[in-house]
Amino acid sequence: MKISLKAKLVVVRVVLAALLLLFWDYALGLYIHRHSPSLCRPHPILTWRLRSRLNDFWDGKASITTNSRGLRGPEVPLGKGAEEVRVLVMGDSSSFGDGVTYGETYGARLEALLNALFPKTRWSVVNGAMKGYSTFQGRYLLERVGLSYHPDLVVFAFLHSDFKTDAREDRLTNLNPPVVKALQELLYESNLYLLLRQGLLNRSGAAAQGEAAQVHRVSAADFRTNLEEMARLCTSRGMGLIFLNMPREKRNRPGEDEPWRDALKAVAKESGAPVVDLFTVFREREAAGDVLCFDTVHPNGAGHALIAESLLEALLRSAMAVRKGGSAR
């Protein structure tokens, strides 16, 4: 079957148009990166996503560097070395390290402590946490990105973003069919599409709509379900788990978030995983006069150091470090 010259010209024009669009999309991305950078970019399911390949981006509190997968910290190859043990941290801004440098985060501190204690093993800690992320977002990120690092141990440090109130629950963010969601994810990778979308939102006034906060972003029941699913994803792959019972958000009434804490402890018990009780550790140290947070919830450098030490103690108690890393020096 012969293809007419006219048909060939149409194909050539379509290919050239596609290449031109790709070029302009790439050029727009470079321009934004250099002249109008931002910490996050929109995402159809996560709502926001940390931009990849940021280099010392100042977010108003601390310098942020991200890797090619859009996680805070240095580049970490997906494949592990023969003598490497890998830890993945999943959580919200307290684990992301809001207000502190990457080296001050408890993940980076834990990595340094483990490498000093077990020098014959290469320990690496991947920071998969993100500002404002609930278990709804964390579950998605774990499936799409976190598990690809093949961690030996996963630390779950969710609570405050789930308990926070908003106009609607996180699970209602995008109710489109899977095929539509997949198409949206593809479109949201385009800088031209995002620019056009933002222009239309600004013109319609939709971007300025403000609804009153009414419900918890993730209910206590859904919080438990999300943790159970994340735990299942990890344990089915032979990964170890540790749960952090986070320090109290001082703006909350005492005991107000107890159903969420109880859910976390229940999932940890079902999974046979330890719980690091940072709630009690921080309360006791702060009662003694230690300043461990910048504000009502985010740990400062001293707070992150205390979390790293508490995590290390939990690892040693569970004998996981010795089993994976050999004898301590």
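The values are calculated or read from the model by the stated rules, or taken from the named source; none is laboratory data. All of these numbers come straight from a predicted model, not from anything done at the bench. Every residue, glycine as well, gets a Cβ built from its backbone with ideal geometry; the counts of neighbours run over all protein chains shown.
Any residue at all in region 294-308 that is touching a strand residue (DSSP E or B) at 6+ places or on another chain (Cβ under 8 Å) and either outside the structural domain of SER161 (by TED's automatic domain parsing) or among the aliphatic types (A, V, I, L, M) (or both)? Yes, there is a match, as at least one residue in region 294-308 is touching a strand residue (DSSP E or B) at 6+ places or on another chain (Cβ under 8 Å) and either outside the structural domain of SER161 (by TED's automatic domain parsing) or among the aliphatic types (A, V, I, L, M) (or both). Annotation note: of VAL276, VAL267, the sole residue that is among the β-branched types (Val, Ile, Thr) and either surrounded by fewer than 18 Cβ atoms within 10 Å (Cβ to Cβ) or farther than 19 Å from VAL125 by Cβ (or both) is VAL267.
Hey, any hits in region 46-55 for a residue that's over 16 Å from the mean Cα position of the chain (by Cα), part of a loop (DSSP other than H, G, I, E, B) and within 24 Å of ARG237 (Cα to Cα)?
no
Going through region 63-95 one residue at a time, which ones are closer than 25 Å to ASN245 by Cα and in a loop (DSSP other than H, G, I, E, B)? Matches in region 63-95: LEU71, GLY73, ASP92.
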